[in-house]
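Okay, structure first, notes after.
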Amino acid sequence: MAKYKEAKCKICRREGVKLFLKGERCHTDKCSFDRKPYGPGLHGRDKKRVTEYKIQLREKQKTRAMYGMLEKQFSIFYKRSDLQKGATGENLLRMLECRLDSVVCHLGFATSKAQARQLINHKHFSVNGIATDIPSFVVKQGDVIAVRENSKSLKFFRDIIEDAGSRVGVPTWLELNKEAMKGTVTRLPEREDLPADVKENLIVELYSK
C-alpha cells in the first residue's frame, strides 16, 4: 500500500499553516513550523508567483494532508461526495470528518490522525461491537465507536483516556463516555462543525476543471 514518507513538519511549512500532524509535539517548542515559519528547501524564503490554479491546488493539498490521504483515495472521496445531494464541498468535508480515524482522534483516543490509523490497523477499536481495522471507514449517525475489551487494560489507553475530552474539545456531534471508553455519533456534522480554515469551494473548482 502506498504511504507518504516525507517529514510531516515539511507539509505544514509548505502549506503555511500548522496542521498538527505530529500530535503532542505540535504543542511544544520543538514544533518545526514555529521554529521555521517559512517553506522548506533552499528557496523556501523566496517569494513565489501566485496563480488561481496554485491557490486551488494548495487548498486541496492542505486538506489532503490534514486527513493523511494520498491523491487516489482523496479523489475517490471527492467523487463519492459529488454523487450525494447537497453541496459537493460540504459533503466532502463531512465524509472526511466522519472517517473512523478522524472520529477516534476527535474523541481523544489518539493524539493525531496518524496515531489513530495505527491503532485502528491493530484492531484496537470496534464499531457497533464489530472489530474494525479500516481507518477510512465512514461512520454514520448512531454508530458507537469503542475501545475493544482486550485493549482497555493496556497502559496506553488507561493513560490517554484520562486526558480524553480535556486535551481536545470533543465536537458537539459526538458524545464521549470516558468510563466505558466509547463514543457515539449523535448526529452528522453540519458546516459549522466542519473545519473553518478549509475553503472547500476551491477544491471543487480544482476538480471541476
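The values are calculated or read from the model by the stated rules, or taken from the named source; none is laboratory data. Please read these numbers as outputs of a predicted model, since none were measured by experiment. Don't worry about glycine lacking a Cβ; one is built from the backbone with ideal geometry, like all the others, and counts go over all protein chains shown.
Taken together, Ser81, Ser75 contain a single residue that is touching a residue at least 12 places away in the same chain (Cβ under 8 Å) and either in contact with a strand residue (DSSP E or B) (Cβ under 8 Å, 6 or more places away or on another chain) or crowded, with 19+ Cβ neighbours inside 10 Å (or both), which is Ser81. Remark: pairs (first residue in segment 195-209, without any contact (Cβ under 8 Å) to a residue 40 or more places away in the chain; second residue in a helix (DSSP H, G or I) and among the acidic types (Asp, Glu); Cβ separation under 9 Å; 6+ apart in sequence or on different chains) are absent. Just name the residue that is modelled with the highest pLDDT out of those in segment 168-186 that are surrounded by 14 or more Cβ atoms within 10 Å (Cβ to Cβ) and part of a loop (DSSP other than H, G, I, E, B). Selected residue: Trp173. Would you be able to say whether some residue in segment 116-123 is part of a helix (DSSP H, G or I) and within 11 Å of the chain's Cα centre (by Cα)? Taking every residue of segment 116-123 in turn, at least one turns out to be part of a helix (DSSP H, G or I) and within 11 Å of the chain's Cα centre (by Cα).
Condition check ((1) more than 21 Å from Lys178 (Cα to Cα); (2) without any contact (Cβ under 8 Å) to a residue 24 or more places away in the chain; (3) among the β-branched types (Val, Ile, Thr)) across all residues:
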residue	(1), (2), (3)
Tyr53	yes, no, no
Ala65	yes, no, no
Leu93	yes, no, no
Asn121	yes, yes, no
Ser136	yes, no, no
Phe157	no, no, no
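Scan segment 143-167 for residues that are modelled with pLDDT under 90, touching a Ser or Thr at 6+ places or on another chain (Cβ under 8 Å) and hydrophobic (A, V, I, L, M, F, W, C) and jot them down. Passing the criteria: Phe157, Ile160.
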